[in-house]
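Nothing in this text is a laboratory measurement; each read-out follows from the coordinates by a stated rule. Everything numeric here is computed off the predicted structure, so don't read it as measured data. Cβ placement follows ideal geometry from the backbone for every residue including glycine, while neighbour counts extend to all protein chains displayed.
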Amino acid sequence: MTRMTWITLTVMALLAVLPPVFFWTGNAFYLDLATRLTILAIAAVSLNLILGYGGLVSFGHAACLGLGAYAVGIPAHHWLYGGMDALATTNGFVQIGLAVAITALFALVTGAVCLRTRGVYFIMITMAFAQMVYYLIVSIEEYGGDDGLVIDTRSELPGFNLDDPLQLFALAYVSLVVVMLVVRTIVNSRFGMVLQGAKGNEERMVTLGFNVYLYRLVAYVISGAICGYAGALLGNFTTFISPEMMDWARSGELMFMVILGGAATTLGPVLGSAAFIVLEEFLGRLTIYWHLPFGLMLIGVVLFVRGGLMGLLRGGKE
Amino acid sequence: MDLSLFVIQFLNGLQLGLLLFLVASGLTLVFGILDFVNLAHGALYMLGAFVCAWLTQVLGNFLLAVLLALPVTAVAGLLVERFIARPLYARDHLDHVLATFGLILVIDTLVHLVFGPEGIAVPLPDFLNGQIRLTETLVIPSFRLMIIGAGLAAAAGLYWMVTHTRLGMLIRAGASNRTMVSALGVDIERLFALVFALGAALAGLAGMLIAPITEASIGMGNNIIITAFVVIIVGGIGSMKGAFIAALMIGLIDTLGRSYLDDLFKLVMSQDAAETSAPAISAMLIYIIMAVVLALRPQGLFPPKAR
Amino acid sequence: MSALLEIQSLNKGFGGIKASDDLSLSVEAGEVHAIIGPNGAGKTTLLSQLSGGQKPDIGRILFKGRDLVPLPAHARAHLGIARSFQITSLIMDMSVLDNVALAVQARQGHSFRFLRAARQDASLREGAMGLLRRVGLEAKAQLPTRALSHGEHRHMEIAIALAGQAELLLLDEPMAGLGGEESAHMVTLLRQIKSRHTILLVEHDMDAVFQLADRISVLVYGHVIATGTPDEIRANAAVQHAYLGEE
């Protein structure tokens, strides 16, 4: 096994073991932190598929996260308060299925438009579509608008009690591992080679006969759907959802996780999410002005650190 | 339909459009010439609003505050250019986006530190605070007319610059190409710094003009910047003419859509359905328009030619 | 012999400049047809219109009797047209083998296959290795593409063009930037290829053109001023005046 494989396995093992240990030793707070980290890592891994491997700089990924969360919140809301009987449920399979289906559809429709554009147009238009969803949710008073929505009952899954923080963490962790393996398999497949080839040289790939647009669109939909799943978990974790989850600053943070950790690597997004959570938590504890050092650090990373944390771990070797 | 209400909404739309143009013109200028994506452009807009608000309180004179705040935002633009943009020109757009995203956090927090978490209201001098009675039922705050006047004046100034100056010639050439610009014998570093400062001042001006209405508040730039993106995407990135037309279009559609979409919907659907769907659709209206424009013309309405 | 490719009255303008001006040309199956002409004659623009990167303003491009103009670039590749680029157009971040394997993959139908690892796929691997052997690069298969020399990149371009087993190869200045020995090597390689493919060759290196071409067309300001065998072209007064005479 290579050094990177060892590092990956070690990090993932630590992530599996440490949070429950904290929980059992009376530091439940750190388990919560780890659950949030794990869920955001799933979103970051999904973004890495299009951003890292596909070279598609999507600045609207938080929209999928938010849509996924609302796909849990809205059925739960109707189940409790009536209205929209067809939608009212607390069944986890239905809610998660809805989250995946809606984000896949959103990615399909917006991706079909976005992927016709290149470069900076793509960045801005993905951002704009995410903002569109943001304003859409804000405008619907039934679901709390600006003020957000409390999820009173978590998703019900057979054999799982998501009200138990340990079980919720376990679900998130297993999901993360599965998603990492899925993305890794996709990336190494023929499909993944086309996606990466198109990142490296689009004209070449088209001339070879690949309909690059279609491959990218499929990747975009897969990525959106995975992120929607992460959103469904996030809704269950926070039990409070608001349009703020889809703010473009959240999309920026997801991008930051991918780039800081190391784009186009298996473990990078996880490391990036961990770094983000640690920074947010500990800088935030030191000062309410934690965005200042955080922002400066972001600028510093872009200016001076190439290849992210994975680049540092590799020690400059390929 | 109430005609005087329509006129007021129309003027509101025009006002929003012109403010959008001030923000979007700086964005499109910086992107068109420097090939640099500046997410923090909205933060400069906010900075302009805060500096102007603070100066107004200190000096007691809004107009003087605007005159002093303009060079301050221009200098802020120069600093951003020198320390963040310049090292990144040769990098890809992703790096621009991440670094300027960090810059937004920095500027937002600095403003928070210096001016406090509350917004600052900006009192207007009496002669701007009045209202102008156009007809029996039609009353317009004079300051809104001033915003429209200032916006049009800035647009005219930019138009003159684009058509009559050397800088304008470069803009019209769509000169994002460094070798071409230097072949014309221009000192690139100075040109780029100048363009950046100009863009910052334009965004700052927009912030100063809106501050007396909405007050200066943290995060105000983050709302307008996305709409400004929509404007330059629809207009064609790098095109001044496109930015102007798209800004007015987006400003008017957004404002009028919010006021009249439910009436429009009531023509084709039930009262209830119209009242529930209209707010949602009008919130999405400009994005839907953007999608339609892009589906038909991926380069926007007025793509700059030589790219 | 019948015409494999029939270009009829192609026109393409950029602003005031005509890159293709009523350009007509036919390429017979099995021949090496060279396009020569001064810089700015519209040679690369012609290839781009054939491969689908650019659309002509007016005109038809018949490939085996079928008009290519309405087809997008990727669809033309499936009909049996492969192109190499004048400016080396490889995927620099990928290995040499991956670059060629992608070209092999392109021939094997769609790539919406998500499960099996492509690098362990014997048909891709062996196909790509075979092509690299033909161009003499099998020893460098695992290296990152950017680590190779310019001459080796040109040979990779040929391997990739061959991978599609395309009937028609559009080669854009394969000799560009090659030294004497490298050029000779490339000419030998193209000689071996020509028995199996029809080749439309855009090239500045006149020695190579006269060694390889069955027929030559001379392009000046987007218009074909002469077509003929190498001997005919050498003897053509108009050509000498417009082009060769100036050198």
Reported to two decimal places, what Rg/Rh ratio describes the range A:182-318 when computed on Cα atoms with Rh from the Kirkwood expression? 1.02
Hey, in the GNM for chain A with a 10 angstrom Cα cutoff, which one of A:Arg118, A:Arg216, A:Arg154 fluctuates hardest? A:Arg118
Pull out a ≥ b ≥ c, the square roots of the eigenvalues of the alpha-carbon gyration tensor of chain C, then state rounded if a/c is under 1.5, prolate if not and a/b is larger than b/c, and oblate in the remaining case. prolate
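Applying 1/(1 + (r/R0)^6) with R0 = 30 Å to the Cβ-Cβ distance of C:Thr188 and C:Ala139, what FRET efficiency is obtained, to the nearest 0.05?
Once the sixth-power term is evaluated, E becomes 0.95.
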Any chance you could give the angle, 0 to 90 degrees and rounded to 10, that helix B:3-34 forms with the longest Cα principal axis of chain B? 10 degrees
3J(HN,Hα) from dihedral phi, the range A:163-175, Karplus parametrisation 6.51/-1.76/1.60, rounded to Hz, x for glycine, proline: 6, 7, x, 5, 5, 5, 4, 4, 4, 4, 5, 4, 4
Treat every Asp and Glu Cβ in the protein assembly as shown as -1 and every Lys and Arg Cβ as +1, leave all other atoms uncharged, and give the resulting dipole magnitude about the Cα centre to the nearest 20 debye. 1680 debye
Along the Cα→Cβ direction, 7 angstrom out, place labels at A:Ala13 and C:Ala29. What is the inter-label distance in nm? 6.4 nm
Under the rule of at least 5 residues apart or a separate chain, name every residue whose amide H is placed under 5 Å from the amide H of C:Gly80. none
Would you mind ranking A:Trp248, B:Trp54 by Cβ crowding within 10 Å, fewest neighbours first? B:Trp54, A:Trp248
Amide H of A:Phe59: which non-local residues (sequence gap of 5 or more, or other chain) have their own amide H closer than 5 Å, using H built in the peptide plane? A:Thr126, A:Met127
Given charges at beta-carbon only (K, R positive; D, E negative), |dipole| of the range B:46-134 in Debye: 160 debye
So, with points 7 Å from each Cα along the Cβ direction, the C:Ala122-A:Leu181 label distance in nm works out to 2.6 nm
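Based on the Cα gyration tensor of the range A:149-204, what are the three equivalent ellipsoid semi-axes, each the root of five times an eigenvalue, rounded to whole Å and given largest first? Please report the intermediate quantities before stating the final value.
Details: eigenvalues 286, 37, 13 Å².
Three semi-axes, in Å: 38, 14, 8.
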What Cys residues in chain A have no fellow cysteine's beta-carbon under 4.7 angstrom? A:Cys114
Could you give the nm distance between label points at B:Leu113 and B:Gln131, where each point is 7 Å from its Cα heading toward the beta carbon? 4.4 nm
Once the mean 1/r over all distinct Cα pairs of the protein assembly as shown is inverted, what Kirkwood radius in angstroms do you read off? 30.0 Å
With a Förster distance of 25 angstrom and the Cβ-Cβ distance between A:Leu286 and A:Thr25, calculated FRET efficiency to the nearest 0.05 equals 0.55
Taking Cα centroids, how far is the range B:79-148 from the range A:1-73 in Å? 36 Å
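Rg to Rh ratio, the range C:11-98, alpha-carbon atoms and Kirkwood radius?
Numbers: Rg = 14.5 Å, Rh = 14.7 Å.
That ratio equals 0.99.
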Neighbouring Cβ atoms within 10 Å as the yardstick, rank C:Glu138, C:Glu126 fewest first. C:Glu126, C:Glu138
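What shape does the range C:89-165 have by the C-alpha gyration tensor, where a ≥ b ≥ c are the square roots of the eigenvalues, rounded means a/c under 1.5, and otherwise prolate means a/b greater than b/c and oblate the rest? Don't skip to the end; give the middle numbers.
On the way: a/c = 1.79, a/b = 1.57, b/c = 1.14.
Cα axes put the range C:89-165 in the prolate bin.
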Only Lys, Arg, Asp and Glu count, each charged at its Cβ (+1, +1, -1, -1), so figure out the dipole size of the range A:3-274 about its Cα centre, rounded to 20 debye. 1340 debye
Measure of compaction for the range A:3-274 (Cα Rg per 2.2 N^0.38 Å): 0.99
Between the range C:159-209 and the range B:211-288, the alpha-carbon center distance in angstrom: 56 Å
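For the range B:80-128, state the average projected area of the convex hull of the C-alpha atoms over all orientations, rounded to one decimal in nm².
On the way: hull surface 22.1 nm².
Taking the Cα atoms of the range B:80-128, their convex hull projects to 5.5 nm² on average.
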Under the helix-only model (-39500 (n - 2.57) for each DSSP H run of 4 or more, divided by the residues of chain C), the mean residue ellipticity at 222 nm, to 500 deg cm²/dmol, is -10500 deg cm²/dmol
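Using a Förster distance of 30 angstrom, determine the FRET efficiency expected from the C-beta separation of B:Phe83 and C:Ala147, and round it to 0.05.
Numbers: r = 35 Å, r/R0 = 1.17.
Calculated transfer efficiency: 0.30.
Could you please rank B:Leu63, A:Leu260, placing first whichever residue has the fewest other Cβ atoms within 10 Å of its Cβ? Intermediate values should be presented prior to the final figure.
Numbers: B:Leu63 14, A:Leu260 27.
Going from sparsest to densest Cβ surroundings: B:Leu63, A:Leu260.
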Sort out for me the Cα centre separation of the range A:175-201 from the range B:1-36, rounded to whole Å. 42 Å
Quick one: Karplus J couplings for the range C:76-81, per residue in order, coefficients 6.51, -1.76, 1.60, θ = phi - 60°, nearest Hz, x for Gly and Pro? 5, 4, 5, 7, x, 10
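How many times 2.2 N^0.38 Å is the alpha carbon radius of gyration of the range B:241-307? Walk me through the numbers on the way to the answer.
Numbers: Rg = 14.8 Å, N = 67, 2.2 N^0.38 = 10.9 Å.
Rg over 2.2 N^0.38 Å, computed on Cα atoms: 1.36.
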Check which residues have an amide H placed less than 5 Å from C:Ala34's amide H, if you skip close sequence neighbours. C:Leu201, C:Asp214, C:Arg215, C:Ile216, C:Ser217
Explain nothing, just compute: Karplus ³J(HN,Hα) = 6.51 cos²θ - 1.76 cosθ + 1.60, θ = phi - 60°, for every residue of the range A:21-26 in order, whole Hz, x for Gly and Pro. 4, 4, 4, 6, 8, x
DSSP beta bridges in the protein assembly as shown, what fraction antiparallel, as a percent rounded to 5? 60 percent
Normalised convex hull volume, the range A:61-204, alpha-carbon set, Å³ per residue: 142 Å³
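Does chain B come out rounded, prolate or oblate by the C-alpha gyration tensor, with a ≥ b ≥ c the root eigenvalues, rounded set by a/c under 1.5 and, if not, prolate when a/b is larger than b/c and oblate if not? Show your work: numbers first, answer last.
On the way: a/c = 1.71, a/b = 1.26, b/c = 1.35.
Oblate shape, in that a/c is at least 1.5 and b/c is the bigger or equal ratio.
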